[in-house]
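Working notes for the structure below.
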Amino acid sequence: FESFESRYSKPKESDRTFSIASQHYDFLAPVAVDFAKKNPEIKNFRIFESTTYSILQEVAQGHSELGIVYLNKHNRSGIIRMLDKLELEYEELFLSQTYIYIRKGHPLANKETIHEKDLKPLDRVRFTQENEQFLYYSEDLVETFENTFIYNATDRATLNGILERTDAYATGLGFIDDESVNHITVVPMAGDNGNSLILVKHRGHLLSNAAASYKRSLEVYFEHNHF
């Protein structure tokens, strides 16, 4: 009811407001700036960067029109079950292999590809999820080795700061915002590690003009910033 009320009780205000929810990605800032320039009528643009569970709940409850998460062979069935339960659907945006995020100057930085055996002795940085019992909520793209020391962070600034100061690694889809991240590089992971970045919305819901514009900004970014 609160979600319904917030959407329709002040229609003029809602036309000037737009919200998306996403996992932790460096492309969120440049895409947001591009979207804002193309949509001057939107005066309140909210970017809710959070855990996988919260993102799906945000969209299901109507607080955000769009959600951005990834699927791969490990989490696909679990995430799709949750989408179905919440009456959500998705569209695939981008395909990517797994990349390893490390500091520039890291012993592995000059390798063309990184193998699992290269990661085994290293510490790891990852984003904390509030529902760790559901493995498919994790943003980890590589399985964690036994006895690995793990830094658990809740935001990208902390994660990047740890990477810059240590030989730890993180995993991701290969995007780096050069204007805000200066001392980190990415190296592709060897093997078939296909990941799908997906856009989540209510099942059967037609995108608003703002949501359609945001989707176009995403697509333009991916077209010009891929490895």
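Collect the residues in the range 72-96 that are part of a strand (DSSP E or B) and either polar (S, T, N, Q) or within 12 Å of Leu199 (Cβ to Cβ) (or both), keeping them in residue-number order. Quick ask: steps written out before the conclusion?
From the range 72-96, those part of a strand (DSSP E or B) are 72, 88-96; that's our starting set.
Asn72, Leu88, Glu89, Tyr90, Glu91, Glu92, Leu93, Phe94, Ser96, listed by residue number.
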Original post:
Any chance the range 37-49 includes a residue that's outside any helix (DSSP H, G or I), modelled with pLDDT under 90 and either among the charged types (D, E, K, R) or within 17 Å of the chain's Cα centre (by Cα) (or both)?
Top reply: no
**OP:** Please enumerate the residues belonging to the range 91-116 that are within 19 Å of the chain's Cα centre (by Cα) and open to solvent by 60 Å² or more (accessible area, probe 1.4 Å).
**Re:** Glu91, Glu92, Leu95, Gln97
Original post:
Yes or no: Asn209 closer than 28 Å to Ile114 by Cα and either more than 20 Å from the chain's Cα centre (by Cα) or not β-branched (Val, Ile, Thr) (or both)?
Top reply: no
Original post:
From Leu119, Leu88, which residue is open to solvent by less than 60 Å² (accessible area, probe 1.4 Å), touching a Leu at 6+ places or on another chain (Cβ under 8 Å) and either modelled with pLDDT of 90 or more or within 22 Å of Gly191 (Cβ to Cβ) (or both)?
Top reply: Leu88
Original post:
What number of residues within the range 151-182 are part of a loop (DSSP other than H, G, I, E, B) and at pLDDT 90 or above?
Top reply: 3
Original post:
Inside the range 54-70, can you point out the residues that are assigned to a helix (DSSP H, G or I) and open to solvent by 10 Å² or more (accessible area, probe 1.4 Å)?
Top reply: Ser54, Gln57, Glu58, Ala60
Original post:
Is it true that some residue in the range 210-223 is part of a loop (DSSP other than H, G, I, E, B) and more than 23 Å from Thr52 (Cβ to Cβ)?
Top reply: no
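Hey, does the range 33-50 have a residue that's free of Cβ contacts under 8 Å to residues at least 40 places away in the same chain, under 25 Å from Thr158 (Cα atoms) and of a type in the set (Ser, Thr, Tyr)?
If we filter the range 33-50 for residues that are free of Cβ contacts under 8 Å to residues at least 40 places away in the same chain, which is where we start, we get 33, 36-37, 40-41, 43-48, 50.
If we keep only those that are under 25 Å from Thr158 (Cα atoms) as well, we get 33, 45-48, 50.
From the residues that got through so far, the ones that are of a type in the set (Ser, Thr, Tyr) too are 50.
Scanning the range 33-50 turns up at least one residue that is free of Cβ contacts under 8 Å to residues at least 40 places away in the same chain, under 25 Å from Thr158 (Cα atoms) and of a type in the set (Ser, Thr, Tyr).
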**OP:** Could you please give the count of residues in the range 71-82 that are closer than 24 Å to Phe27 by Cα, open to solvent by less than 20 Å² (accessible area, probe 1.4 Å) and in contact with a helix residue (DSSP H, G or I) (Cβ under 9 Å, 6 or more places away or on another chain)?
**Re:** 3
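The values are calculated or read from the model by the stated rules, or taken from the named source; none is laboratory data. These numbers come from a predicted model, not from an experiment. A quick note on method: Cβ atoms are made from the backbone with ideal geometry, for glycine too, and the neighbour counts reach across all protein chains shown. Just so you know, the surface numbers come from the protein's heavy atoms only, side chains and all, with ligands and any DNA or RNA stripped out. Shrake-Rupley method; radii C 1.70, N 1.55, O 1.52, S 1.80 Å.
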